[in-house]
Amino acid sequence: KVAIVGGGPSGLTLASILKAVRIPFTVFELDASASARGQGGMLDIHKSSGQLALAKAGLLDEFKKRMRVDATDLYVRDQTGEIRWYHTEKENPDPERPEIDRGDLRNLLLSALDEGDVQWGKKLVRAEKEGVAQEGCFSLYFANGSSATGFNILVGADGTWSRVRPLRSNVPPSYVGMTVAATRITNLDDRLPELAKFVGNGTCMSVEGKSLVVAQKSGDGSVNVYSFISVPEDWRETSGIDWSNQRRGLTEFVERYYSGWGQEAKSLIIECDEGDLAIRPLYRYPPGHRWEKTSAGVTLLGDAAHVITPFTGEGVNLAMHDAYDLA
Ligand SMILES: Cc1cc2nc3c(=O)[nH]c(=O)nc-3n(C[C@H](O)[C@H](O)[C@H](O)COP(=O)(O)OP(=O)(O)OC[C@H]3O[C@@H](n4cnc5c(N)ncnc54)[C@H](O)[C@@H]3O)c2cc1C
């Protein structure tokens with residue numbers, strides 16, 4: 001019996017590969033359903049890692065139908081909005097790093113599974129090992145009071161704050177010194193056409209020193225905006241910004257951290273949908289980190305194992321490649 005905790009990219013990639021080779025498993029995911037939560041912006045899936053895993057799951061052809069080659073447009077701008085670099089793979093019929101919307105990737109991976117393979121609404125609070133793996137030593141305890149027992153293999157694919165990880169390591173990831181404010185603007189083309197042109201079809205990244213604003217256009221016309229600033233880990237609680245009125249809070253945020261920037265970058269932050277603001281400190285494991293506990297039958301994938309900052313665009317590809325390696 002294989003238990004996979006977490007139905008993100010790493011857990012569902014492993015599940016879809018196990019499905020292809022007929023190894024039974026159950027995924028336990030905290031979201032109440034596949035559509036319970038917006039999945040955010042886009043991910044570029046690399047040929048040498050993410051696509052390799054999709055091929056092993058038999059999903060590469062379907063991925064190629066869903067991938068967004070036009071969204072490989074990348075504009076790098078300075079704080080005034082001037083373009084400093086432009087790159088695209090849209091003329092390449094077989095691009096190295098095609099984009100896919102996060103929600104679409106999840107749906108693609110789920111399409112390989114059967115009803116019941118994923119148990120939704122299962123937030124793991126504790127995993128225990130008692131006895132040996134061959135005899136089904138792993139038990140899982142969930143926030144809703146239910147439990148599942150008798151697993152021979154336990155895979156923690158439950159992200160940065162993994163509840164499986166304590167079986168392999170007690171070392172928490174460390175704060176990288178940067179926090180991101182994630183916002184979203186639906187239907188930008190109609191609402192603010194000039195701003196939509198500024199963003200383009202794919203990713204628009206405005207950079208100055210250690211601050212950046214990244215806007216990504218999804219296939220449904222919405223734009224996810226990530227505003228990165230260098231602040232202490234507890235900034236969300238200690239900044240003194242009153243977030244009870246989102247627009248006023250974001251206006252103050254822009255005045256403090258993006259005051260010398262062009263109007264487009266400022267508007268991308270302020271013009272977001274009401275109620276769609278998430279502030280997240282960023283974490284990582286330093287290179288060379290090793291799990292200090294050996295424990296047969298339990299392992300970790302993706303961010304649960306080695307969370308990194310988003311700036312390399314590698315996190316999801318490493319996560320999917322982990323699943324490929326493990327399967
Ligand atoms: C702002 C931002 C932008 C990024 N951009 C990129 C990018 O452009 N390219 C790229 O390659 N990477 C990017 N990343 C990194 C990428 O998102 C991650 O590396 C990737 O999602 C890791 O996949 P995962 O499945 O290991 O973990 P996650 O995506 O975190 O998935 C974990 C899953 O486990 C579930 N879960 C969590 N806790 C529990 C629990 N207790 N019980 C049950 N289920 C649980 C969650 O609901 C989730 O479904 C970005 C990250 C951030 C923060």
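The values are calculated or read from the model by the stated rules, or taken from the named source; none is laboratory data. These numbers were taken from a predicted model, which means no experiment stands behind them. Reconstructed Cβ throughout: ideal geometry from the backbone, glycine too, with neighbour counts over all protein chains shown.
Structure data summary
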| read-out | value |
| --- | --- |
| Index of the failed condition, ASN92 passing every other in (1) free of Cβ contacts under 8 Å to residues at least 60 places away in the same chain; (2) in contact with a strand residue (DSSP E or B) (Cβ under 7 Å, 6 or more places away or on another chain); (3) of a type in the set (S, T, N, Q) | (2) |
| Of all residues making up the stretch 258-272, the number that are over 25 Å from the mean Cα position of the chain (by Cα), assigned to a loop (DSSP other than H, G, I, E, B) and over 11 Å from VAL213 (Cβ atoms) | 2 |
| Single condition ILE308 does not satisfy, out of (1) without any contact (Cβ under 8 Å) to a residue 40 or more places away in the chain; (2) surrounded by fewer than 15 Cβ atoms within 10 Å (Cβ to Cβ); (3) in the same structural domain as LEU154 (by TED's automatic domain parsing) | (2) |
| Of the criteria (1) part of a helix (DSSP H, G or I); (2) surrounded by 23 or more Cβ atoms within 10 Å (Cβ to Cβ); (3) over 20 Å from the mean Cα position of the chain (by Cα), which one LYS19 fails | (2) |
| Number of the condition not met by LEU52 [criteria: (1) surrounded by fewer than 20 Cβ atoms within 10 Å (Cβ to Cβ); (2) under 20 Å from the mean Cα position of the chain (by Cα); (3) within 13 Å of the ligand (Cβ to nearest atom); (4) not in a loop (DSSP other than H, G, I, E, B)] | (3) |
